[in-house]
Amino acid sequence: MYQYLLFDLDGTLTDPGLGITNSVIYALHKFNIEVNERSLLYKFIGPPLKDSFKKYYDFSDEQSDLAIRYYREYFKKQGMFENEVYDGIHDLLIKLKAKGKSLIVATSKPEAFAVDILHHFDLYDYFDFVAGATMDDSRNKKADIIRFALNNCNISDKKSALMIGDREHDIIGAKDNGLDSIGVSYGYGSYDELKTAGATFIANNPIDILEYV
């Protein structure tokens with residue numbers, strides 16, 4: 001039914017929890033803000049960073065931009081590799097390619113970082129196209145990133161494409177572009193978050209995705 005499968009990266013293909021939270025901790029420390037519990041920062045995984053710094057720490061636009069620069073200092077040096085591929089992802093991607101599916105990454109992470117991560121974890125060659133955010137945040141909303149991927153891959157039949165991700169932003173971005181979606185409950189969004197956002201399907205582990213495509 002679906003020929004084009006768009007995958008989120010963080011929380012869907014890989015578990016980036018350690019690297020992202022370490023990068024946020026590093027950035028907040030520059031503002032003399034200490035975080036006592038790492039799990040409080042898991043909400044940074046998925047949404048655009050600028051939105052999260054503004055929402056959770058009441059940062060101004062200028063403070064958020066500076067926090068992102070600090071975040072990237074750590075992330076570029078080591079945070080992006082404090083990460084691991086979810087069990088079953090390689091097997092899933094092999095099976096999907098064997099079925100002739102076209103695979104695309106659509107992530108709110110800066111595109112350059114996404115490409116480096118995919119190469120590092122031997123995931124890059126599974127994908128036909130990688131769509132990510134721009135460093136200047138001119139493209140950072142998930143709906144815009146999905147649209148960018150659809151346009152660049154010449155996908156005009158929306159019924160042939162499916163978005164797969166772990167947060168409400170993935171599901172809402174898919175709906176904004178007229179796509180069905182799979183919410184993956186093994187990532188950083190809860191079952192309730194994904195269902196409330198309107199996910200077409202829910203997958204509890206990577207191999208379950210095969211059931212819907």
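Only one of (1) open to solvent by less than 40 Å² (accessible area, probe 1.4 Å); (2) out of contact with any Lys or Arg (no Cβ under 8 Å at 6 or more places or on another chain); (3) outside any helix (DSSP H, G or I); (4) modelled with pLDDT of 95 or more is not met by PHE31, so which one is it?
Result: PHE31 passes all but (1).
Among helices (runs of 4 or more DSSP H) lying entirely in the stretch 66-160, which contain 1 or more residues that are open to solvent by 10 Å² or more (accessible area, probe 1.4 Å) and farther than 28 Å from SER52 by Cβ? Explain how you work it out, then say what you get.
Numbers: elements: 89-98, 111-120, 142-152.
Ranges flagged: 89-98.
Among the listed residues ALA149, ALA161, ALA114, ALA131, which satisfies the condition of being under 15 Å from the mean Cα position of the chain (by Cα), aliphatic (A, V, I, L, M) and within 16 Å of ASP180 (Cα to Cα)?
Working: ALA161 fails: under 15 Å from the mean Cα position of the chain (by Cα); ALA114 fails: within 16 Å of ASP180 (Cα to Cα); ALA131 fails: within 16 Å of ASP180 (Cα to Cα).
Result of the check over ALA149, ALA161, ALA114, ALA131: ALA149.
Determine whether the stretch 14-28 contains at least one residue that is open to solvent by less than 10 Å² (accessible area, probe 1.4 Å) and either farther than 23 Å from ALA114 by Cβ or of a type in the set (Phe, Trp, Tyr) (or both).
The initial filter retains those residues of the stretch 14-28 that are open to solvent by less than 10 Å² (accessible area, probe 1.4 Å), namely 14, 16-17, 19-21, 23-24, 27-28.
Subsequent filtering for residues that are either farther than 23 Å from ALA114 by Cβ or of a type in the set (Phe, Trp, Tyr) (or both) retains 28.
Yes, that holds for at least one residue.
Considering only residues that are in contact (Cβ under 8 Å) with a residue 40 or more places away in the chain and either open to solvent by less than 20 Å² (accessible area, probe 1.4 Å) or not in a helix (DSSP H, G or I) (or both), which ones fall in the stretch 161-172?
ALA161, LEU162, MET163, ILE164, GLY165, ASP166, ARG167, ASP170
For the stretch 194-213, how many residues meet the condition of being in contact with a Lys or Arg (Cβ under 9 Å, 6 or more places away or on another chain) and within 18 Å of LEU9 (Cα to Cα)?
Residues meeting the conditions: 4.
What is the number of the single condition among (1) buried (at least 17 other Cβ atoms within 10 Å of the Cβ); (2) under 23 Å from TYR42 (Cα atoms) that ASP61 does not meet?
(1)
Restricting to the stretch 52-65, name every residue that is among the charged types (D, E, K, R), in a helix (DSSP H, G or I) and farther than 16 Å from HIS169 by Cβ.
ASP61, GLU62, ASP65
Does TYR56 satisfy being buried (at least 16 other Cβ atoms within 10 Å of the Cβ) and under 25 Å from LEU28 (Cα atoms)?
No, not satisfied.
The values are calculated or read from the model by the stated rules, or taken from the named source; none is laboratory data. Keep in mind it's a predicted model, so treat the numbers as computed, not measured. As a convention, Cβ positions derive from the backbone with ideal geometry for all residues, glycine included, and neighbour counts pool all protein chains shown. Side chains are part of the model used for accessible areas, which takes the heavy atoms of the whole protein and leaves out ligands, DNA and RNA. Shrake-Rupley method; radii C 1.70, N 1.55, O 1.52, S 1.80 Å.
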